[in-house]
Amino acid sequence: MEITTHADTRLNQRGIKKAYLNLALEHGAPEGDKIILSAKDACSRANELRSEAKELDAVATKGGITAVMCNGTLVTAYRTDSFSVSAAKKVRS
């Protein structure tokens, strides 16, 4: 995204980091020629991310999750750290 000199100056004057601007562009709601990320929406998204982070921590604790798909259909799923190459070779033999 290109940023005009005017916009860059205003971002600096108003203490708006480019990372904040990127969050507004990614998660904000378009209204005409504006994209608005309200404080309420920012808090809601932050809560969603905290919840997702907890779930990711749980997946990591379980050693990861592997999902096996075929044509968009879930065939099976297992803990990634429980996969045994030797056991899989025995099944295929």
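Which of 1, 75, 39 sits farthest toward the positive end of the charge dipole of the chain, with +1 on the Cβ of Lys and Arg and -1 on the Cβ of Asp and Glu? Most positive-ward Cα: 75.
Helix-derived [θ] at 222 nm for the chain: sum -39500 (n - 2.57) over DSSP H runs of at least 4, divide by residue count, nearest 500? Can you show the working numbers first?
Details: 4 runs with 50 residues, N = 93.
Value at 222 nm, helices only, nearest 500: -17000 deg cm²/dmol.
Report which label in (1) 6.4; (2) 10.9; (3) 7.6 holds the value of mean projected area of the Cα convex hull in nm² derived from the coordinates of this structure. Matching entry in (1) 6.4; (2) 10.9; (3) 7.6: (2). The lysine pair count for the chain, using Cα distances under 26 Å and pairs eight or more places apart or on different chains, is 8.
Quick one: pull the percent of accessible area on the chain belonging to carbon and sulfur, 1.4 Å probe, ligands and nucleic acids left out. Please list the in-between numbers first.
Working: 4370 of 7930 Å².
Exposed carbon and sulfur together represent 55 percent of the surface.
Rolling a 1.4 Å probe across the protein heavy atoms gives the chain an accessible surface of 85 Å² per residue.
Between residue 66 and residue 54, the simple label model (points 7 Å from Cα in the Cβ direction) yields a spacing of 2.9 nm.
The values are calculated or read from the model by the stated rules, or taken from the named source; none is laboratory data. Everything numeric in this text was worked out from a predicted model, so none of it was measured. Glycine also receives a Cβ, built like all others from the backbone with ideal geometry; neighbour counts cover every protein chain displayed. Heads up: the accessible areas ignore ligands, DNA and RNA and are worked out on the full protein's heavy atoms, side chains in. Shrake-Rupley method; radii C 1.70, N 1.55, O 1.52, S 1.80 Å.
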